1. Only one of these is within 19 Å of the chain's Cα centre (by Cα) and over 21 Å from LYS8 (Cα atoms): ASP99, ASP80. Name it.
2. Is it the case that ASN31 is surrounded by fewer than 18 Cβ atoms within 10 Å (Cβ to Cβ) and either within 12 Å of the chain's Cα centre (by Cα) or part of a helix (DSSP H, G or I) (or both)?
3. If you check ASP55 against the conditions, is it part of a helix (DSSP H, G or I), surrounded by fewer than 10 Cβ atoms within 10 Å (Cβ to Cβ) and either of a type in the set (Asp, Glu) or in contact (Cβ under 8 Å) with a residue 60 or more places away in the chain (or both)?
4. Within segment 76-105, restricting attention to residues that are outside any helix (DSSP H, G or I) and either of a type in the set (S, T, N, Q) or in contact with a Phe, Trp or Tyr (Cβ under 8 Å, 6 or more places away or on another chain) (or both), which residue is nearest to ASN58 (Cα to Cα)?
5. Cβ contacts < 6 Å: first residue over 15 Å from ILE47 (Cα atoms), restricted to segment 59-71; second residue in a loop (DSSP other than H, G, I, E, B), any location; separation 6+ or different chain. Result?
6. Do we find that SER46 is closer than 18 Å to SER60 by Cα and surrounded by fewer than 17 Cβ atoms within 10 Å (Cβ to Cβ) in this structure?
Amino acid sequence: MYENDFAKRLSELRIQKGVSARDMSLSLGQNSGYINHIENRQAYPSIPVFFNICDYFNISPEQFFSTTEKDPACISAIIDDLKLLNAEQLHCLAVIIRDLGKIRS
């Protein structure tokens, strides 16, 4: 992912979460302009801070860089919920998801 894409993805995820750059910066324990500097391509996070950013969004680093996942935090929450279902429930849900996919086609 290029530098511009990193800044754009960070901004997308932040807006999707409905939080200001200032509030996110402070929540991460950084100065109030930290996220703004990243989004404006004036700075880039260290690896530990990048992992904190992913934790803040409740996503994996892989999901951060995935451009196909529109709402990675929602997908992570769904996956966590799926882990609680039994085999029969999972099968029923798989059928529903396949049917929903056919509707889009």
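What follows draws every value from the coordinates through simple rules; no lab data is involved. Being a predicted model, the structure only gives us computed values, none of them experimental. Heads up, the Cβs are rebuilt from the backbone with ideal geometry, glycines too, and the neighbour counts pull from every protein chain shown.
1. ASP80
2. In short, no.
3. no
4. ASN86
5. Taking only residues 6 or more apart or on different chains, the pairs are GLN63/GLU69.
6. Here the answer is yes, as SER46 does meet what is asked.
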